[in-house]
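The numbers here are math on the coordinates, done by the rules we state, and not lab data. As the structure is a prediction and not an experimental result, all values here were calculated from the model. Glycine gets a Cβ as well: all are built from the backbone with ideal geometry, and neighbour counts include every protein chain shown.
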Amino acid sequence: MSVDDVLGMYEDGFESGTGSVRPSPRPSMQSARRPSLEARPGSIKSAQVPARRSLDTVSVKSLDRPQSQPRPTSLAPKRPFAAHRRSQSASILIMGVNANRASVRGVSPAATPPVASDEKKPTERTSEQIMSGQNLESRPTTGAFQARLRDRYGFKKTSHYITLEQYEAWDRDYTAYLERRRKKWYAMMHQYGYETSPAIRFPQKSDKVKRYVRKGIPPEFRGAAWWYYARGPRELSKNPMIYIELRQRVEDGELTDNDREHIERDLHRTFPDNVRFKPDPTTMHDAQAGAGGGTPVKEGSGLRNEVSASAPADTPVQGSPRSVTKKKRHTDEPETPILQSLRRVLQAFAVHNPKVGYCQSLNFIAGLLLLFLSKDDSDLEEAETKAFILLNIVTTQHLPDTHGITLEGANIDIGVLMSCIRDSLPAIWAKLDDQKEINAIGAAATMAGGIGGLRLPTVSLATTAWFMSLFVGTLPIESVLRVWDCLFLDGSKTLFRIALAIFKAGESAIMKVSDPMEIFQVVQTIPRSMLDANSLLDVCFRRRGGFASISQDVVNRRRRERKRLVQEGILKQGLGAKSEDMVRRMRTRLKTRGGMRVGTN
């Protein structure tokens, strides 16, 4: 593989995504029947999950990869250097989004509440009726069937990896579980004398509270509990007017052109499968437009249209920054209130944190915060302030420097994760480590208690998005929410424990392959069907056979050591002259800021 090939991969992205990344092909019917890697039963309850087109029922305790999956269209490059480009890391993040979008286009869900169960089955239309928009009322856009397609949060139940039958089989038991946990939470709140409608304060952190949070916060308490346990009120009390002031600074023109353009580019990519972000199509034209919605625009006339599959996500868009509002994708229906709030939060954050500005994946974090900090669109104004504060807490306390222009924090955390795998899952590490020939350089650091393994394995590219997005787009949404429950109470150690549990769940599949690209594909696929959040969390926190030994002190110590190694430049010792030249060229070609190319010495 030539240097130009590697550079091209970094510029174009590595896998499927939206906008700036080539979409991944859907598996054919033949490939759906093709047997694939099977995970043997382990500490996590596992079950084979068939491809989306299969209607076979499976065990609801599914924490493993599907039976079929598309073969990679290109080889993932071996990691040439410890640093990722922000847009490329975010491109990996969007791998799971494209599959969901593909499933979104398959069915048009309901925009109205369910009706009586004796509703007549809608008649199918001819191709002429579809193209002309005739007989629109006969389309299954309302009724109990369409209501089944949404979960309790407004997300689509199905994905490329989970069928409706699989989801509902799992959800039957999980709904009963949620009701039991809800009763326990209400009893605890009343025991401490706290209000529950609405819930504002919560019991202080204790062993009991920790146990309750790890078993799941009730959906109606979730946003308020995140805000409380993340110490949002304390942060806001330092400057109660900060968000209002930042919005004024945005209006005064302090938002950079680059950040403004990239926010607009990603805005409508945020949770297109959630009804509050992307309402169900109300016209035949919108239904035919697919997940993106709206009327197609001519090439070059819209920001979202300007991002082709072959263009890097950081390609600057030409034109006056003040004309960005004119370049928004034209839609037949108004922009939803929560999308407008998301725009304001991201813009305020970019002004407040100029060293970070806007980075892809922040839209998903802020969007999910807004979704749970507001009951509906009527209380979004207060939710914006809280979402901004929590987004700032995430990026400064839980993921320091992860979303910065150099992605230093992301590379540090991935290095810490690899060291945890090496220590806790040595058999898996032996498979992942494809940089053995240069790891001798890190022997001294390992002997001294450092991280060792100065070069990261190829598979680390697949894990970058796990941290940058807090597992949004990686795990099913219910599992993501359970992870966030623990994150805001316990801190960033939760992220490392979850990542280790994912590798543990896929151990048998990983051990059956040896090619780095196959391992990359397996690791990328493992978490997509992990519906059983209870089993996932159990592995993370149990004392025997789990990862309770990964404490916050351990994470902080390894972060400091990894940062020291990076800053001292030890990582470069394992690079040959050709790799050094590749790194230098990659930095020159890809490292841009505000439309200006930044050279390196």
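In order along the stretch 205-216, the phi-based Karplus estimate (6.51 cos²θ - 1.76 cosθ + 1.60, θ = phi - 60°) of 3J(HN,Hα) comes to 4, 8, 4, 5, 4, 4, 5, 5, 5, 5, 8, x Hz; Gly and Pro are listed as x. Peptide packing for 512-518, 476-482 was compared via the average number of neighbouring C-beta atoms within 10 Å per residue; ordered from the highest value, the list is 476-482, 512-518. Between residue 556 and residue 148, the FRET efficiency estimated from the beta carbon spacing at R0 = 35 angstrom works out to 0.20. Roughly how far apart, in whole Å, are the Cα centres of the stretch 370-434 and the stretch 507-541? That distance is 19 Å. How would 262, 398, 160 line up from fewest to most surrounding beta-carbon atoms within 10 angstrom? Result, fewest neighbours first: 398, 160, 262. Between residue 207 and residue 176, the C-beta separation translates, for a Förster distance of 30 Å, into a calculated FRET efficiency of about 0.70. When you filter the GluC sites (Glu not before Pro) in the stretch 178-267 for DSSP loop state and at most 15 other Cβ atoms inside 10 Å of their Cβ, you are left with 195, 254. In this label model, residue 508 and residue 165 are separated by 2.2 nm, measuring between points 7 Å along each Cα→Cβ vector.
Ordering 418, 241, 188, 468 by the number of other Cβ atoms within 10 Å of each residue's own Cβ, fewest first, gives 241, 188, 418, 468.
If the limit is 26 Å between Cα atoms, which of 215/493; 210/504; 205/504; 215/563; 205/386; 238/278 go over it? Violating the 26 Å limit, Cα to Cα: 205/504; 215/563; 238/278.
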